[in-house]
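Data block below; observations after.
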Amino acid sequence: MNLENKINQDIKQAMLSREKEKLEALRAIKTALIIAKTEKEVSGEITETAEIKILQRLVKQRKESAAIFRDNNRKELAEKESFEAKVIEAYLPEQMSNEELTQIIQKIINELGAKSMADMGKVMGKASQELAGKSEGKAIADKVKSLLSS
């Protein structure tokens, strides 16, 4: 079952269960998918990779908003954004553990023969491609920096 069908089913279920907050998050996903499908470059269907990127973008937006709300003492809005981020994250593939991430990035560094921070761009390009949807971009970048600087 593709993501759009799953979201539609979950929207119906959330409506029946009267889960207002979950429904808002699901509708945000559906809206983002519809917008992506109607873009010029897309021929009506979205790839799984594109769906993952959309979900990651939505989660990142929610987490950033929650942080801003917390900084401005708007606890109720921060909690709402955090809840929506958790709902959206449930549709992402399982994220890698820190140890798995370290192993894969170390393998990429060895394959590319990267020695210093000057090689970070090459490593990030390959790592981002290989780990798409399995780990957040910030976590990948932080791990690459720590491994190249040691």
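The values are calculated or read from the model by the stated rules, or taken from the named source; none is laboratory data. If you're wondering where the values come from, they're calculated on a predicted model, not measured in any experiment. For neighbour counting, all protein chains shown are included, and Cβ atoms are generated from backbone atoms with ideal geometry for every residue, glycine included.
From I52, I7, I34, grab the single residue that is within 19 Å of the chain's Cα centre (by Cα), more than 21 Å from A132 (Cβ to Cβ) and aliphatic (A, V, I, L, M).
Every option except I34 fails the conditions.
For I109, all conditions in the list (1) in the same structural domain as E51 (by TED's automatic domain parsing); (2) without any contact (Cβ under 8 Å) to a residue 40 or more places away in the chain; (3) part of a helix (DSSP H, G or I) hold save one; what is the number of the exception?
(1)
Please identify the pairs in which a residue from region 29-50 that is among the hydrophobic types (A, V, I, L, M, F, W, C) has its Cβ atom under 8 Å from the Cβ atom of a residue that is modelled with pLDDT under 75, counting only partners at least 6 apart or on another chain.
Pairs that qualify, where the first residue is among the hydrophobic types (A, V, I, L, M, F, W, C) and the partner is modelled with pLDDT under 75, are A36/V42; A50/V42.
Tell me whether region 60-67 contains one or more residues that are farther than 30 Å from N5 by Cα, modelled with pLDDT of 80 or more and within 21 Å of the chain's Cα centre (by Cα).
Yes: one or more hits.
For region 56-111, give me each residue that is hydrophobic (A, V, I, L, M, F, W, C), more than 27 Å from L147 (Cβ to Cβ) and surrounded by 18 or more Cβ atoms within 10 Å (Cβ to Cβ).
Result: L58, A66, F69, A78, A85, V87, I88.
Could we say that K143 is in a helix (DSSP H, G or I) and either closer than 27 Å to L55 by Cα or not assigned by TED's automatic domain parsing to the domain that holds V59 (or both) here?
So K143 passes the test.
Is it true that some residue in region 122-130 is touching a Lys or Arg at 6+ places or on another chain (Cβ under 6 Å), surrounded by 15 or more Cβ atoms within 10 Å (Cβ to Cβ) and farther than 15 Å from K53 by Cα?
no
Between a residue in region 61-90 that is free of Cβ contacts under 8 Å to residues at least 12 places away in the same chain and any residue that is part of a helix (DSSP H, G or I) and of a type in the set (G, A, S), which pairs come within a Cβ distance under 7 Å, given they are 6 or more apart or on different chains?
R70/A78
If you go through region 112-136, how many residues are without any contact (Cβ under 8 Å) to a residue 12 or more places away in the chain and outside any loop (DSSP other than H, G, I, E, B)?
Residues flagged as without any contact (Cβ under 8 Å) to a residue 12 or more places away in the chain and outside any loop (DSSP other than H, G, I, E, B) within region 112-136 amount to 5.
Might you check whether a residue that is under 22 Å from K20 (Cα atoms), at pLDDT 85 or above, among the hydrophobic types (A, V, I, L, M, F, W, C) and within 14 Å of the chain's Cα centre (by Cα) occurs anywhere in region 71-86?
yes
So is I46 crowded, with 16+ Cβ neighbours inside 10 Å, in contact with a Gly (Cβ under 7 Å, 6 or more places away or on another chain), at pLDDT below 95 and not polar (S, T, N, Q) or not?
Judged against the criteria, I46 is not a match.
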